[in-house]
Amino acid sequence: MPFADTSNKATIRRLWDLPILERWHDRYSKSLSYFGLTGPEIKDLLDWRHIIDKKTAVESPGNTRALRLEADETIGRMRTNMMMYGLSSGFQIMRADIEDVIINAIDIDGQPPQINNGGAAHVAKFMYDIVNLDFDGGLAYTSKGKAAKRIVAIKKLFERQSGHDFVLFLTINVRDTLRSELDEYIRELQGRDRGEGWHDLLEWYLRRGKGEREYKLKVLVPTFIHAVAELHMFRSTCYPPIVYDGHNNARMLHFTFELQAQLGRNLRSFSKQDDRDLVLLPMFRCRDSTFTLAPGPNSETQLQQVPNLLDFLPENTRTAIINGSV
C-alpha cells in the first residue's frame, strides 16, 4: 500500500519538516498553500494544519481497472478524512500522476491546480508555498531513448513555480533504474575542481556498494536540484538529507530544499551553498523514531557542522540528535 505511515516517517514529518515550515510561515507571516502527494490518510496535512490553508492533493487514477477502483476508494477515503477533520475548505483533489500534472498543468479531467496565474496550460505558473513530492518509488525510471518522466517533471516544476518562493520536500526510494548514469554523474562532478580533497571525497562515494545506494543519491539529488533551481532564478538551500526505512522496509531518502525566487534576474541565480557544501552535508538516519548521524567520509567535520545546521530545530530535539550522534 503506497503512502502507508510509519513511526520513522511520522518522526521526520513532525520533528524535522514541521519546524522548517513553521520558520517559513513566520518569515512570510501568512498561511501556506500546499501541493503534493498526501496519501489517503492526509497525515502531513493533519500535522501541519495550523499553518496551511489551501491544499491541492494529487492522486494517480490508475491505468488498469483494478487500479482505477483502488484509486476511487483512495480518493473517497481522502475526502472523508478531509471532512472528518474539518479540512475541506480550500481543498482540491486532482486525478493524475503528479508528474503529469506538473508537466501538463491539468489532470485527466482537465482541471488545473487551484493556485495558478490563469495562463494557458503550456505557460501556466503555479504559486504554491509547499510542494511535497513524497514518492514511494525511485528518482527515475528510464526506458531506452526516453527521458525519465519524474526528472522531466522536477525540472518543469521550477519553471511552473518561477517567481514564487517555496519549500520542496522530495522523498524517494533508493531503488531506481539510473544504474550506471548515477556513477557517471558523480565521476563528472568529480572532474570539476572544488578544492583540496575533492577527488578523494567523491571517490569515497563512488566506492559505496549495492547496499549503500543512498550515499550516491545524497550526492546526486542536492547538486542536481541546485543546478536546475539556479537556472530558473531560485536561490536554493538544502538541509541535511535523512535516510530511513519506510513501509515494508523500503529504504527511503528524504530531502528538503528552500527555494527563494530571485526577481528581476534573467541569467541565473547563485546559491550560498556550492557543490562542495552540498556533498559535505551530513546525512542523518531515522531509526526507531530516533535521529543519528550516518557514517560518512568526513565524520569528524560533519559532527562539527551539526549544531549550526540544526539551528531550525527546537533545542530539546537538537540536543537529542547531537547527543545521539556522538
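Nothing in this text is a laboratory measurement; each read-out follows from the coordinates by a stated rule. Everything numeric in this text was worked out from a predicted model, so none of it was measured. Neighbour counts run over all protein chains shown; Cβ positions are idealised from the backbone, glycine included.
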Qualifying aspartates and glutamates (Cα of each under 12 Å from Cα of Lys149; at least 8 residues distant if same chain): Asp97, Glu99, Asp100
Please give the peptides 248-259, 196-207 ranked by average Cβ packing (other Cβ atoms within 10 Å per residue), highest first, as a rough proxy for protection. 248-259, 196-207
Inter-site label distance for Glu300 and Gln111 at 7 Å from Cα along Cβ, in nm: 5.8 nm
Would you mind calculating the relative contact order of the chain from Cα pairs under 8 angstrom and at least 6 residues apart, reporting the percent as a whole number? 16 percent
Relative contact order (%) - the range 184-258, alpha-carbon pairs under 8 angstrom, separation at least six: 20 percent
In the Gaussian network model of the chain, springs joining C-alpha atoms below 10 Å, which of Leu67, Leu87, Leu18 carries the largest mean-square fluctuation? Leu67
Isotropic mean projected area of the C-alpha convex hull, the range 188-303 (nm²): 8.4 nm²
Cβ crowding within 10 Å averaged over residues, with 222-229, 4-11, 270-277 ranked highest first: 222-229, 4-11, 270-277
Can you give the relative contact order of the range 44-101 as a percent, counting alpha carbon pairs under 8 Å and 6+ residues apart? 50 percent
Determine the calculated [θ] at 222 nm for the chain from helices alone, applying -39500 (n - 2.57) to every DSSP H run no shorter than 4 residues and normalising by the residue count; nearest 500 deg cm²/dmol. -11500 deg cm²/dmol
Cross-link list Lys43/Lys216; Lys30/Lys218; Lys125/Lys218; Lys156/Lys218; Lys55/Lys155; Lys210/Lys272: which exceed 27 angstrom alpha carbon to alpha carbon? Lys43/Lys216; Lys30/Lys218; Lys125/Lys218; Lys210/Lys272
